[in-house]
Amino acid sequence: MAKTVVVTSGKGGVGKTTTSAALATGLARQGHRTAVVDFDVGLRNLDLVMGCERRVVYDFVNVINGDATLNQALIRDKRVEGLYVLAASQTRDKDALTQDGVERVMTELSEQFDYVICDSPAGIERGALMAMYHADDAIVVTNPEVSSVRDSDRVLGILASKSRRAEQGDEPVREHLLLTRYSPERVNKGEMLSLEDVGEILAIDLLGVIPESQAVLNASNAGVPVILESESDAGQAYDDAVARFLGEQRPLRFTDVPRKGFFGRLFGS
Amino acid sequence: MTRQSETTEAALEIKGRMMTLTVMRLLSPSVDALGRAVESRMQEAPEFFRQLPVILDVEAVAESDLHLDLPGFVGLLRAQELLPVGIRGGDERWQAAAEQAGIGVFAGGSEVPASRRSEAPAPAAPEGTPSTVITQQVRSGQQVYARGGDLIILSSVSPGAEVLADGHIHIYGGLHGRALAGVRGDDTARVFCMDFHAELVTVAGTYRVSEQFDEASLGQAVQVFLDGGDLRIEPLPGLGGK
Ligand SMILES: Nc1ncnc2c1ncn2[C@@H]1O[C@H](COP(=O)(O)OP(=O)(O)OP(=O)(O)O)[C@@H](O)[C@H]1O
Ligand SMILES: [Mg+2]
């Protein structure tokens, strides 16, 4: 039985898809059979970030509708053994993900994999609810700004009441905070909330802090999950987060302003 | 299952116990204006009003022709998911209208339906007020209401969350959202919290929003209470104000 993990946020554009790709790749690289599923019907882009957009033949909705089997639709990653992608469909029909259909696919996935990562669409409507419903764990991706924190808080409330675990009275969904696009300089200038501010409001376990990094954009343009860019700060931060997710203790990195050299101090802000 | 012969056990029992009820005073004789007012109240605190039994106090509009519209107004309240149970005040015309609307008539002030008074035995001993205990954090967009008693929250209240109680509100974590104590008019109700960052606090309808708070109270353990109509936010004495 797989562990099902939703990557969610409420607010859009905070880094859910980037995180889903990195987490799935990181878990597979550690030897866990992992599927990553795009729930963003109509706005699919997980396949782009994973670099497999040209290999999508069948998608999630095709499987639900019985046009294809799950195994026909799963795209095997060429770089990492045991990593598979299930793309979202481009259909405009938001109701294409039916409750029963999603349930069937999730059950089938969970028989074949160790981890099923669900990349949630933004918002707190149907698509997001579908993505979180089956979760055992939730990674709440949050940017250090008030509106993102507010939306994450909302999502945490919904997880606590509307997930399958909540409905069936099982142990609650395990919640993890991933703070992304963190810029220590801007925190110091008071332009962004600090790690402590966010932690105080959301009050859940911190999985990691991903710095604001050009490497993310470069990697996603190249169709490479940023965690594979092992020289980059964001890649290393994601690697730490995956290790923590698997129970390892690792100190936080990239949360302090880099010390400036002599010229930096002379000309810096 | 085979049918058993009826036992002699009573199928029901009549008891005289009454709960305190919310009184809705009608101040305008216009059904239109009343309807709009109800709607806007419902939007402010839907959880509070949903299925809330109310008595309509018609004293202020007793001389008007509103009684003709009483059945319609009762229907409107029901459509908004309120539960009108009776009227208070008004003459025979109003009583007839109440009967037509299918609700009771409460004698002025006593809050016991006049027609049932003979059945009511001596008032029952007061029950302990029911308290509601919340262990999970109250998150943005959520609302928790402790009807008829105190609300005890063992964690924090997020910005954008709202907690309400007919009695006191105790928060053992941070209050970052809104806390409304004594929402049905109990002006002795208080709000207690360990880490004060509220967006709004009210006691029995007297409110204060965050920009009116004294900087010194922020981040402190405080209590909020009414002092002769003034809302006061004071450090909790037992904690030495931290
Ligand atoms: N740590 C980071 N540093 C810099 N840019 C980032 C970082 N994380 C994400 N981005 C950029 O932010 C944008 C949004 O990221 P992403 O698509 O992962 O967000 P999302 O939450 O999935 O968005 P949506 O809500 O639209 O699905 C992308 O352009 C991505 O490259
Ligand atoms: Mg996305």
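The values are calculated or read from the model by the stated rules, or taken from the named source; none is laboratory data. These numbers come from a predicted model, not from an experiment. A quick note on method: Cβ atoms are made from the backbone with ideal geometry, for glycine too, and the neighbour counts reach across all protein chains shown. To get the accessible areas, we keep the full protein, side chains included, count just its heavy atoms, and leave off ligands, DNA and RNA. Shrake-Rupley method; radii C 1.70, N 1.55, O 1.52, S 1.80 Å.
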I'm told A:Val57 meets every condition in (1) more than 14 Å from ligand 1 (Cβ to nearest atom); (2) out of contact with any strand residue (DSSP E or B) (no Cβ under 9 Å at 6 or more places or on another chain); (3) of a type in the set (Val, Ile, Thr) except one. Can you identify the failing condition by its number? (2)
Single residue of A:Gly15, A:Gly31 found to be more than 8 Å from ligand 1 (Cβ to nearest atom), open to solvent by 10 Å² or more (accessible area, probe 1.4 Å) and either within 14 Å of chain B (Cβ to nearest Cβ) or modelled with pLDDT of 95 or more (or both): A:Gly31
Given (1) open to solvent by 40 Å² or more (accessible area, probe 1.4 Å); (2) modelled with pLDDT of 95 or more, identify the lone condition not met by A:Asp240. (1)
Across the stretch A:135-149, what is the number of residues that are open to solvent by 20 Å² or more (accessible area, probe 1.4 Å) and among the small types (Gly, Ala, Ser)? 1
I'd like to check something: does the stretch A:110-121 contain any residue that is in contact (Cβ under 8 Å) with a residue 24 or more places away in the chain and either within 14 Å of chain B (Cβ to nearest Cβ) or basic (Lys, Arg) (or both)? no
Give me the residue from the stretch A:184-219 that is within 16 Å of ligand 2 (Cβ to nearest atom) and assigned to a helix (DSSP H, G or I) and, out of that set, surrounded by the fewest Cβ atoms within 10 Å (Cβ to Cβ). A:Leu217
Can you tell me which condition A:Ile75 does not meet? The list is (1) open to solvent by 20 Å² or more (accessible area, probe 1.4 Å); (2) away from ligand 2 (no atom under 16 Å from the Cβ), and all the others hold. (1)
Would you point out the residue of the stretch B:149-192, among those that are touching a strand residue (DSSP E or B) at 6+ places or on another chain (Cβ under 6 Å), away from every other protein chain (no Cβ under 14 Å) and of a type in the set (Val, Ile, Thr), that is surrounded by the most Cβ atoms within 10 Å (Cβ to Cβ)? B:Ile169
Filter the stretch A:115-134 down to the residues that are open to solvent by 20 Å² or more (accessible area, probe 1.4 Å) and among the small types (Gly, Ala, Ser), then identify the one that is nearest to ligand 1 (Cβ to nearest atom). A:Ala122
Among (1) open to solvent by less than 10 Å² (accessible area, probe 1.4 Å); (2) within 16 Å of ligand 1 (Cβ to nearest atom); (3) closer than 15 Å to A:Ala131 by Cβ - the single one A:Gly101 does not satisfy: (2)
When the residues of the stretch B:213-229 are narrowed to those that are assigned to a strand (DSSP E or B) and in contact (Cβ under 8 Å) with a residue 12 or more places away in the chain, which ends up surrounded by the most Cβ atoms within 10 Å (Cβ to Cβ)? B:Val222
Based on what the data block shows, is A:Leu70 under 22 Å from A:Met1 (Cβ atoms), more than 15 Å from ligand 1 (Cβ to nearest atom) and of a type in the set (A, V, I, L, M, F, W, C)? yes
Does B:Ser210 count as open to solvent by less than 30 Å² (accessible area, probe 1.4 Å) and at negative phi? no
Matching residues, the stretch A:203-217, being farther than 14 Å from A:Ala21 by Cβ and either near ligand 1 (Cβ under 9 Å from one of its atoms) or within 14 Å of another protein chain (Cβ to nearest Cβ) (or both): A:Ala203, A:Ile204, A:Asp205, A:Pro211, A:Glu212, A:Ser213, A:Gln214
Scanning the stretch B:138-148 for residues that are open to solvent by less than 30 Å² (accessible area, probe 1.4 Å) and either within 19 Å of B:Phe225 (Cβ to Cβ) or outside any strand (DSSP E or B) (or both), which turns out farthest from the other protein chains (Cβ to nearest Cβ)? B:Ala146
Here is a list: A:Asp38, A:Asp95. Which entry is surrounded by 24 or more Cβ atoms within 10 Å (Cβ to Cβ) and not small (Gly, Ala, Ser)? A:Asp38
Any idea how many residues of the stretch A:150-172 are open to solvent by 10 Å² or more (accessible area, probe 1.4 Å) and within 12 Å of chain B (Cβ to nearest Cβ)? 9
Flagged in the stretch A:1-38 as of a type in the set (Lys, Arg) and not in a loop (DSSP other than H, G, I, E, B), in numbering order, are A:Lys3, A:Lys16, A:Arg29
Those residues that are among the aliphatic types (A, V, I, L, M) and touching a helix residue (DSSP H, G or I) at 6+ places or on another chain (Cβ under 7 Å), I need them from the stretch A:6-31; list them, please. A:Val6, A:Val7, A:Val14, A:Ala21, A:Ala22, A:Leu23, A:Leu27
